[in-house]
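A.B. asks: Following this message is one structure expressed as structure tokens.
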Amino acid sequence: MRFLFALILSAGSAYATAAQVLSVTEVAPGIYTHRGVHELPDTKNHGAIANIGFIVGEHCVAVIDTGGNPQQGESLKLAIKHATSKPVCYVINTHVHPDHIYGNKAFKEAGVKFVGHEKLARAMATRGAYYIDKAADQLDVKLTADDIIPPDIAVKDHLDIDLGGRTLKLTAHSAAHTDNDLTVYDEQTDTLWISDLLFIEHLPVIDGSLKGWLAELEILESHPYKTVIPGHGPIVKDWPKSMQPEKDYLEMLLTEIRAMIKQGKYLEEAVETVGYSAKGQWQLFDQFHRKNVTTAFAELEWEN
């Protein structure tokens with residue numbers, strides 16, 4: 001099922017004057033997603049690049065990430081109202097990155113609980129001022145402290161939340177894509193909302209731990225989920241096969257960087273040589289690969 005609402009633009013900034021709009025697709029019974037785009041966040045897309053959506057229970061709705069700007073959050077809220085008369089009871093932020101949390105304010109109202117990894121609040125506090133300062137220049141979006149909403153409920157290990165006839169199982173992961181990754185599993189449809197622990201087509205981005213990410217993937221690949229919703233890219237129906245390109249890329253970084261460190265090579269050489277055999281396999285490779293090598297090298301040079 002697809003809900004597409006007309007986009008109405010008037011004079012001036014498209015971001016400022018766009019009518020509330022979002023398209024969502026029902027990818028499993030009661031699970032709706034809006035697919036993002038493989039672009040850097042900028043003043044044209046206003047940071048709206050990630051997969052976001054919601055899950056409908058008998059009593060209420062859980063939002064899974066709210067989008068890359070406040071307007072997208074409002075648009076998602078409208079999409080929910082068109083899909084169901086059930087109220088929103090939870091907003092689940094899967095991690096701290098702007099494209100997943102900047103729509104939070106749209107859902108800040110009585111009866112709504114925000115949920116996140118136990119380390120999410122600290123990450124928001126650490127990055128919040130920087131995010132607010134850079135949003136206008138980088139995204140053409142004005143933010144205030146009210147837009148960075150930390151969780152009311154912190155998940156340390158696991159947490160079940162009940163939407164009425166539908167229980168979602170939340171898991172707080174060890175450092176991987178970030179140090180505050182959270183996944184959402186719907187047992188009713190065997191759907192895992194894995195968010196940015198899985199990138200399809202878009203180069204994976206390391207902002208946590210390379211070794212930790214590989215360890216989490218090893219655990220997750222042991223379960224043959226029927227549907228997996230990545231943070232970026234199309235919905236997955238062939239898990240864990242669809243995860244293999246990401247795993248191969250991360251393992252290549254691990255192997256090649258370890259070899260360079262063993263040979264006494266330095267970071268400067270690593271960023272120019274490691275991993276370039278994968279360049280043709282990923283979108284946004286040039287924008288993120290060197291950063292991945294830098295982050296991974298810093299982690300691996302101290303492992304022994």
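A.B. asks: Would you mention how many residues in the stretch 189-219 are open to solvent by less than 10 Å² (accessible area, probe 1.4 Å) and either at pLDDT below 95 or assigned to a helix (DSSP H, G or I) (or both)?
C.D. replies: Within the stretch 189-219, residues that are open to solvent by less than 10 Å² (accessible area, probe 1.4 Å) and either at pLDDT below 95 or assigned to a helix (DSSP H, G or I) (or both) number 3.
A.B. asks: When residues of the stretch 108-122 are filtered for being touching a strand residue (DSSP E or B) at 6+ places or on another chain (Cβ under 8 Å) and in a helix (DSSP H, G or I), how many remain?
C.D. replies: 2
A.B. asks: Let me ask something else about it. Please specify each residue of the stretch 220-243 satisfying the condition of being touching a Phe, Trp or Tyr at 6+ places or on another chain (Cβ under 9 Å), of a type in the set (Ser, Thr, Tyr) and assigned to a loop (DSSP other than H, G, I, E, B). Quick ask: steps written out before the conclusion?
C.D. replies: Initial filter on the stretch 220-243 (touching a Phe, Trp or Tyr at 6+ places or on another chain (Cβ under 9 Å)): 220-221, 223-233, 236, 239-240.
After this cut, where a residue has to be of a type in the set (Ser, Thr, Tyr) as well, the list is 225, 227.
Within the stretch 220-243, just Tyr225 meets the criteria.
A.B. asks: Considering Ala145, Ala154, which residue is under 15 Å from Lys113 (Cα atoms), open to solvent by 60 Å² or more (accessible area, probe 1.4 Å), among the small types (Gly, Ala, Ser) and in contact (Cβ under 8 Å) with a residue 12 or more places away in the chain?
C.D. replies: Values: Ala145 fails: under 15 Å from Lys113 (Cα atoms).
When all the criteria are applied, what remains is Ala154.
A.B. asks: Since Val271 meets every condition but one in (1) in contact with a Lys or Arg (Cβ under 6 Å, 6 or more places away or on another chain); (2) on the phi > 0 side of the Ramachandran plot, which condition does it not meet?
C.D. replies: Exception for Val271: condition (2).
A.B. asks: Continuing with this model, one more query. Consider Gln138 carefully, then state whether it is open to solvent by less than 60 Å² (accessible area, probe 1.4 Å) and over 16 Å from the mean Cα position of the chain (by Cα). Show your work before the answer.
C.D. replies: Working: open to solvent by less than 60 Å² (accessible area, probe 1.4 Å): no; over 16 Å from the mean Cα position of the chain (by Cα): yes.
No.
A.B. asks: Looking at the stretch 84-140, which of its residues are of a type in the set (Gly, Ala, Ser) and without any contact (Cβ under 8 Å) to a residue 24 or more places away in the chain?
C.D. replies: Initial filter on the stretch 84-140 (of a type in the set (Gly, Ala, Ser)): 85, 103, 106, 110-111, 116, 121, 123, 125, 128-129, 135-136.
Of everything in the stretch 84-140, those that are of a type in the set (Gly, Ala, Ser) and without any contact (Cβ under 8 Å) to a residue 24 or more places away in the chain turn out to be Ser85, Ala110, Gly128, Ala129, Ala136.
A.B. asks: Considering only residues that are of a type outside the set (S, T, N, Q) and open to solvent by 50 Å² or more (accessible area, probe 1.4 Å), which ones fall in the stretch 222-232? Working first, answer last.
C.D. replies: Going through the stretch 222-232, the residues of a type outside the set (S, T, N, Q) turn out to be 223-226, 228-232.
Scanning the stretch 222-232 gives His223, Pro224, Lys226.
A.B. asks: Tell me, which residue of the stretch 244-290 that is open to solvent by 20 Å² or more (accessible area, probe 1.4 Å) and assigned to a loop (DSSP other than H, G, I, E, B) is nearest to Leu198 (Cα to Cα)?
C.D. replies: Trp282
A.B. asks: Also: Can you tell which of Asp186, Asp160 is at pLDDT 95 or above, surrounded by 17 or more Cβ atoms within 10 Å (Cβ to Cβ) and among the acidic types (Asp, Glu)?
C.D. replies: On the way: Asp160 fails: surrounded by 17 or more Cβ atoms within 10 Å (Cβ to Cβ).
None of the others qualify; the one that does is Asp186.
A.B. asks: Related question: I need the full set of residues from the stretch 122-157 which are within 19 Å of Ala62 (Cβ to Cβ) and either hydrophobic (A, V, I, L, M, F, W, C) or at pLDDT below 95 (or both), in order please.
C.D. replies: Listed by number, the residues that qualify are Ile149, Ile153, Ala154, Val155.
A.B. asks: Could you please let me know if Val271 is over 23 Å from Ala28 (Cα atoms) and in contact with a helix residue (DSSP H, G or I) (Cβ under 7 Å, 6 or more places away or on another chain)? Write out each step before concluding.
C.D. replies: Numbers: over 23 Å from Ala28 (Cα atoms): yes; in contact with a helix residue (DSSP H, G or I) (Cβ under 7 Å, 6 or more places away or on another chain): yes.
Spelling it out, Val271 is indeed over 23 Å from Ala28 (Cα atoms) and in contact with a helix residue (DSSP H, G or I) (Cβ under 7 Å, 6 or more places away or on another chain).
The values are calculated or read from the model by the stated rules, or taken from the named source; none is laboratory data. Remember, it's a predicted structure, so these values are computed and weren't measured experimentally. Glycine also receives a Cβ, built like all others from the backbone with ideal geometry; neighbour counts cover every protein chain displayed. Just so you know, the surface numbers come from the protein's heavy atoms only, side chains and all, with ligands and any DNA or RNA stripped out. Shrake-Rupley method; radii C 1.70, N 1.55, O 1.52, S 1.80 Å.
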